[in-house]
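Colleague: Here it is, the structure, as structure tokens.
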Amino acid sequence: MLLESQPDMTCVGEAADGAQAVRLAEEQQPDVILMDVRMPVLDGIAATERIVRARPESRVVVLTTFDLDEAAARAIRAGASGFILKDAEPELVLAAVRTVHAGNEVVAASATRELFKAFGSQRRRIPAEFAALTEREREIFGLAARGLSNTEIARSEFVSEATVKTHVSRVLAKLGLRDRVQLVVFAYEHGLVGEQR
């Protein structure tokens, strides 16, 4: 009802379970999919992974609750373009759909605080692919992982936005990550935020 109330949006279907969501996504090829983490038959994480594997350009926004932050991180690794809280204001849901449709990512700030707190208490081995980044790429990685935009990074590092974009693209490619949301999750999972490496 919320999506249909918007002149620039059309709801092409609703799925009662994850398996049905995968089939519907294949049939309808929607621009954006709102995916619940908790779904019968096939959970939202597995459904997201299947949808993105079959159609990499699919944009999935995962709906989560505070107690499902780690599941949201798994969904990001599975290819979701972001996550928002189930109890988000309608305006935020609409903004999230528009944001991911435009090719950007969405991360619910209140959810990430809990997620990152949990990851912050864990220390894991630094992956070899991170060690392969140049010093400059690591600097850009750190700034992007803290949530700075390309414009903010460019200002702080006294370089052009195009240069930042190039560095971010190289970092994503070297780390095998799809987008900046996955970069943030990767950084917190491996304890790479807030430390000079």
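The values are calculated or read from the model by the stated rules, or taken from the named source; none is laboratory data. Please read these numbers as outputs of a predicted model, since none were measured by experiment. With ideal geometry, Cβ positions are generated from the backbone for all residues, glycine too; neighbour counts draw on all protein chains shown. The area values use the complete protein model at the heavy-atom level, side chains included, leaving out ligands, DNA and RNA. Shrake-Rupley method; radii C 1.70, N 1.55, O 1.52, S 1.80 Å.
Matching residues to (1) part of a helix (DSSP H, G or I); (2) open to solvent by less than 40 Å² (accessible area, probe 1.4 Å); (3) farther than 30 Å from ASP8 by Cβ; (4) at pLDDT 90 or above:
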| position | (1), (2), (3), (4) |
| --- | --- |
| ILE84 | no, yes, no, no |
| ARG124 | no, no, yes, no |
| ARG136 | yes, no, yes, yes |
| GLU139 | yes, no, yes, yes |
| GLY147 | no, no, no, no |
| ALA154 | yes, yes, yes, yes |
| ALA162 | yes, no, no, yes |
| VAL168 | yes, yes, no, yes |
| ALA173 | yes, no, yes, yes |
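Colleague: Here's another thing I want to ask about it. Note down all Cβ pairs under 7 Å where the first residue falls in region 16-36 and is of a type in the set (Ser, Thr, Tyr), the second is buried (at least 16 other Cβ atoms within 10 Å of the Cβ), and they're at least six residues apart or on different chains.
Modeller: Once the first residue is of a type in the set (Ser, Thr, Tyr) and sits in region 16-36, no partner that is buried (at least 16 other Cβ atoms within 10 Å of the Cβ) comes close enough.
Colleague: Here is a list of conditions, (1) over 22 Å from PRO56 (Cβ atoms); (2) of a type in the set (A, V, I, L, M); (3) open to solvent by less than 60 Å² (accessible area, probe 1.4 Å), and VAL185 meets all of them except one; can you say which number that is?
Modeller: Of (1) over 22 Å from PRO56 (Cβ atoms); (2) of a type in the set (A, V, I, L, M); (3) open to solvent by less than 60 Å² (accessible area, probe 1.4 Å), only one is false for VAL185: (1).
Colleague: Still on this structure, I have one more. Going residue by residue through region 5-14, is there one that turns out to be surrounded by 16 or more Cβ atoms within 10 Å (Cβ to Cβ), part of a loop (DSSP other than H, G, I, E, B) and among the hydroxyl-bearing types (Ser, Thr, Tyr)?
Modeller: no
Colleague: So ALA108 fits all but one of (1) more than 16 Å from the chain's Cα centre (by Cα); (2) at pLDDT below 85; what number is the exception?
Modeller: (1)
Residue-wise test of (1) modelled with pLDDT of 90 or more; (2) under 15 Å from GLU105 (Cα atoms); (3) part of a loop (DSSP other than H, G, I, E, B); (4) under 13 Å from the mean Cα position of the chain (by Cα).
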{"residue": "ARG38", "(1), (2), (3), (4)": "no, no, yes, no"}
{"residue": "ILE51", "(1), (2), (3), (4)": "yes, no, no, no"}
{"residue": "PRO56", "(1), (2), (3), (4)": "no, yes, yes, no"}
{"residue": "VAL60", "(1), (2), (3), (4)": "yes, yes, no, yes"}
{"residue": "LEU63", "(1), (2), (3), (4)": "no, yes, no, yes"}
{"residue": "GLU70", "(1), (2), (3), (4)": "no, no, no, yes"}
{"residue": "ARG74", "(1), (2), (3), (4)": "no, no, no, yes"}
{"residue": "ARG77", "(1), (2), (3), (4)": "no, yes, no, yes"}
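Colleague: Against the definition (open to solvent by 40 Å² or more (accessible area, probe 1.4 Å) and either modelled with pLDDT of 80 or more or under 20 Å from ALA25 (Cβ atoms) (or both)), how does ALA131 come out, yes or no?
Modeller: Against the criterion (open to solvent by 40 Å² or more (accessible area, probe 1.4 Å) and either modelled with pLDDT of 80 or more or under 20 Å from ALA25 (Cβ atoms) (or both)), ALA131 qualifies.
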